[in-house]
Structures are given as C-alpha cells and as structure tokens.
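The values are calculated or read from the model by the stated rules, or taken from the named source; none is laboratory data. Because the structure is predicted, anything quoted here is derived from the model rather than measured. We place every Cβ from the backbone using ideal geometry, glycine too, and count neighbours over all the protein chains shown. The area values use the complete protein model at the heavy-atom level, side chains included, leaving out ligands, DNA and RNA. Shrake-Rupley method; radii C 1.70, N 1.55, O 1.52, S 1.80 Å.
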Amino acid sequence: MVTVPTRAEWRCFTTEPGGTICDDRFDNNAATVVCRMLHGPNTNAVVRGRAYYGAGTGPIWLDDIVCSGSEQTISNCQARPWGENNCGHQEDVGVDCNPGVDAAIPIRLADGTSRKGRVEVQYNNTWGTVCSHQFDQLEANVICRQLNFPNAIAIPMTNSYFGNGNGPIWLDDLNCNGSEAAIGVCQHKRWGGPVTAVTPTTLV
C-alpha cells in the first residue's frame, strides 16, 4: 500500500505480486472494511475512486466488490473472481480512513452576500475555487448546510455567475449524496488535480 497515513491507494498482496483494486461498485461500505483491516473499527471511511492517490502498477486483482460493511476482511465481500476485471489503473480505488480532516476544510461565498456567491474553499492555507462540472442540487445542499443554512433552498448557479475567482481550482467532479456534513467528505478528484472545466461554481 502506498505510504500515506490513513489515506491511501489500497493494494492487495498474496503469494502473487501486489496489485490494485478497481473502483467499480466500490463504495463506503467497502472502504469501511479496508480501514477496519488497517486500523481497527472505523465507521467514517470514505472511498476515493479514479486513482485519486495516483495510478498503481501490476495486476488489478479485484473488481466489482460489494460489501455490507460488517465484513472483517475484503476477501469476505462479493467480487469477481480473483484477477478478473474490466478496468485500467486510472480506476484504481483508494480509501480515506480519516475523512474528518477534509470535513474541517473552511468554505466561503465570495463576491456576493452571506447567502449567495462564488464557492471557495481553503486548502493548504490557500483559498481557491470549485469547478462546476457535475455540480448540482445535492452539492449545493451540502454547502448550505456547511455554511449553517440547513433549511435553505439551495440553487446551484454555474458559468461564473459571480465572476471568476483567483488561486487554484481545488475541487472538481464533486459527487455528494446530499447528507454529508461538508463538501470535503463528498467524492471528488484529488485536491488541486486536473480539472474537467475551468468554470468556478457559484451558489445562491
């Protein structure tokens, strides 16, 4: 496994060479099982797909893993036969066993009011923006909740409605289920990674 404390690409080792796991169907239940194997009981694990921590090498040993979350090891979950997959290493899965770190990332609304504006996040002590690609009502709801507007009617507004921001584009391909306490916990590409578009997200 890549050496990143509590946050890493998960690699399988058998008597064969070490290899990776595909992110197809791999969800937070499967991430919980992996983190249990690494660190003991863990109920807050988050899956990071699409080679979030970098593409691995060697065989892709497991694909289409389905776990209930109660399994003691990943081998107890359902999956395709060992070594059978339809993936490339750009789909290597990672897990974050301590997503509370990302949950604490500050956010703000810029160039608007306290209730509407361009979404900005502070990462590594630097403020940057969020790409609008795939950003919809679910992500907007999470942002309003994080800004202490839990009952607000959130409306995502894209195409740089409040103007272009400065600094890095920190988040792209946000994918929330709507129940998260903070956008950093949602699925997304790695912080500051290549973006699909360059249009900052805005929110009202």
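A few comments on the model shown:
- Only one of the numbered conditions (1) buried (at least 18 other Cβ atoms within 10 Å of the Cβ); (2) within 24 Å of Pro194 (Cα to Cα) is not met by Arg145, and that is (2).
- Where a residue in region 90-115 is under 26 Å from Asp64 (Cβ atoms) and its partner, wherever it lies, is part of a helix (DSSP H, G or I), with Cβ under 7 Å and at least six apart: Val95/Ala31; Val95/Val34; Val95/Cys35; Cys97/Cys35; Cys97/Leu38; Cys97/His39; Pro99/Val185
- Taken over region 41-88, residues that are of a type in the set (A, V, I, L, M) and in contact with a Ser or Thr (Cβ under 6 Å, 6 or more places away or on another chain) amount to 2.
- Among the candidates Val93, Val34, residue that is at pLDDT 90 or above, in contact with a Phe, Trp or Tyr (Cβ under 6 Å, 6 or more places away or on another chain), of a type in the set (Val, Ile, Thr) and closer than 30 Å to Glu120 by Cα: Val93
- Any chance Arg118 is modelled with pLDDT of 90 or more, surrounded by 15 or more Cβ atoms within 10 Å (Cβ to Cβ) and part of a loop (DSSP other than H, G, I, E, B): no
- Across region 135-165, the number of residues qualifying as part of a loop (DSSP other than H, G, I, E, B) and without any contact (Cβ under 8 Å) to a residue 60 or more places away in the chain comes to 18.
- Top-ranked residue in region 182-204 [being within 18 Å of Asn151 (Cα to Cα) and at pLDDT below 85; ranked as most open to solvent (accessible area, probe 1.4 Å)]: Val204
- Members of region 166-181 found to be free of Cβ contacts under 8 Å to residues at least 40 places away in the same chain and either loosely packed, with under 14 Cβ neighbours inside 10 Å or within 10 Å of Glu120 (Cα to Cα) (or both), listed by number: Asn166, Asn177, Ser179
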